[in-house]
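Visitor: Supplied in structure tokens, the structure appears directly below.
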Amino acid sequence: AFYRSLGDLNQIYIELNDLSKLIGKTYLGVELQKIFILWSLKRFDEALTSLKVLYENQPDSIYVHYLLGRVYQQWGNITQADYWFKKIIEESLYFIPANIQRIKLYEFQGQGQKALNLIQELTQSRFTTPQIFIFGASLYSKVESYEKAINLLREGIKKFPDYHGFLFLIGVYQEKSGNIKACINTMVDVLRNEPNHSGALNYLGYLWVE
């Protein structure tokens, strides 16, 4: 949306290309702008070609690795996408985003257990995030393993005690599992932390009416 707000993207791309030729060198910032514009124009084949050239000049750029994975993912080339996402080291800012994409790839392929195995690995990473636990709980929920979803979220609470989103989701999965009493108690706990939590209020209203 940002790039489209700039005007004629085709013309901007041409001007950036001319700038690259004028400079006579490969600058990461300029080349990335060109690639983002190609992406916005849905010219994914050209974006991939440009990324490959950029990789030859910037083989150690973690961000280029991540973008290669995203372009191959967009193309539906799961093997190549997974290859590039795997190259991203744990210390990188793109480690968790890349692995979230890997989880999505496996789920898309119907390899739910492979996705869950990866989630279990990621929960042990020192760079893990609340999103990893939420993703995992969602996958367990899809196969109706609600107790596993709840247990994973409880692990999340231990790692991220200040993140209050876990508790509400525990209540959601308790309700899905049929444990209404536990769900009500959990939603009451949510409201103790966040008195105006609309989701918890809606759940309690719905359950009390029932």
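The values are calculated or read from the model by the stated rules, or taken from the named source; none is laboratory data. Just so we're clear, the structure is a prediction, and the values are computed from it rather than from any experiment. Don't worry about glycine lacking a Cβ; one is built from the backbone with ideal geometry, like all the others, and counts go over all protein chains shown. Surface areas here come from the heavy atoms of the whole protein model, side chains and all, with no ligands, DNA or RNA. Shrake-Rupley method; radii C 1.70, N 1.55, O 1.52, S 1.80 Å.
Visitor: Starting from 0.36 nm per residue, how many nanometres of slack lie between residue 87 and residue 75 once their C-alpha separation is accounted for?
Guide: 2.4 nm
Visitor: Still on this structure, I have one more. List the lysines whose alpha-carbon lies under 23 Å from that of residue 148, not counting same-chain residues fewer than 8 positions away?
Guide: Partners found: 104, 114, 158, 159, 176, 181.
Visitor: With the crude spin-label approximation of a point 7 Å out along Cα→Cβ, what separation in nm comes out for residue 144 versus residue 191?
Guide: It is 3.1 nm.
Visitor: What is the angle, in °, between the Cα long axis of helix 180-193 and the longest principal axis of the Cα atoms in the chain? Nearest 10 is fine, range 0 to 90.
Guide: Taking Cα atoms only, the helix is inclined about 60 degrees.
Visitor: Using a probe radius of 1.4 Å on heavy atoms only, what accessible surface per residue do you get for the range 72-210? Whole Å² is fine.
Guide: 56 Å²
Visitor: Further, regarding this structure: Students often forget the sequence filter, so: which aspartates and glutamates lie under 18 Å Cα-Cα from residue 86 once same-chain residues fewer than 8 apart are removed?
Guide: 60, 107, 121
Visitor: Measure nothing but the geometry: give the 0 to 90° angle between the long axis through the Cα atoms of 9-23 and the longest principal axis through the Cα atoms of the chain, rounded to 10°.
Guide: Helix 9-23 sits roughly 50 degrees off the main axis of the chain.
Visitor: When Lys and Arg each count +1 and Asp and Glu each count -1, what net charge do the other residues less than 12 Å away from residue 177, Cβ to Cβ, add up to?
Guide: Surrounding charge for residue 177 is 0.
Visitor: Ok, one more. Enter the Cα centre distance for the pair the range 82-133 and the range 150-198, rounded to the nearest angstrom.
Guide: Here the answer is 24 Å between Cα centres.
Visitor: Give the lysines whose C-alpha is closer than 24 Å to that of residue 21, dropping any in the same chain fewer than 8 places away, or say none.
Guide: 34, 42, 52
Visitor: Let me ask another. Under unit Cβ charges (Lys, Arg +1; Asp, Glu -1), what dipole magnitude, rounded to 20 debye, does the range 140-210 have relative to its Cα centre?
Guide: Dipole magnitude for the range 140-210 comes out near 180 debye.
Visitor: Okay, moving on. Taking the chain on its own, what percent of its Cα-Cα pair distances exceed 30 Å?
Guide: More than 30 Å apart: 43 percent of the Cα pairs in the chain.
Visitor: I've got another one for you. Roughly what angle does helix 44-57 make with the longest principal axis of the chain, taking Cα atoms, 0 to 90 degrees, to the nearest 10?
Guide: 70 degrees
Visitor: While we're on this one: First select every other residue whose beta carbon is under 13 angstrom from the beta carbon of residue 101; then total the charges, Lys and Arg +1, Asp and Glu -1.
Guide: Summing Lys/Arg as +1 and Asp/Glu as -1 gives +3.
Visitor: Next question. Using a ≥ b ≥ c from the Cα gyration tensor of the range 78-156 (square roots of the eigenvalues), is it rounded, prolate or oblate, where a/c under 1.5 gives rounded and otherwise the larger of a/b and b/c decides, a/b for prolate?
Guide: Here the range 78-156 falls in the oblate category.
Visitor: At 222 nm, what helix-only mean residue ellipticity would the chain give, in deg cm²/dmol to the nearest 500, using -39500 (n - 2.57) for each DSSP H run of four or more?
Guide: -23500 deg cm²/dmol
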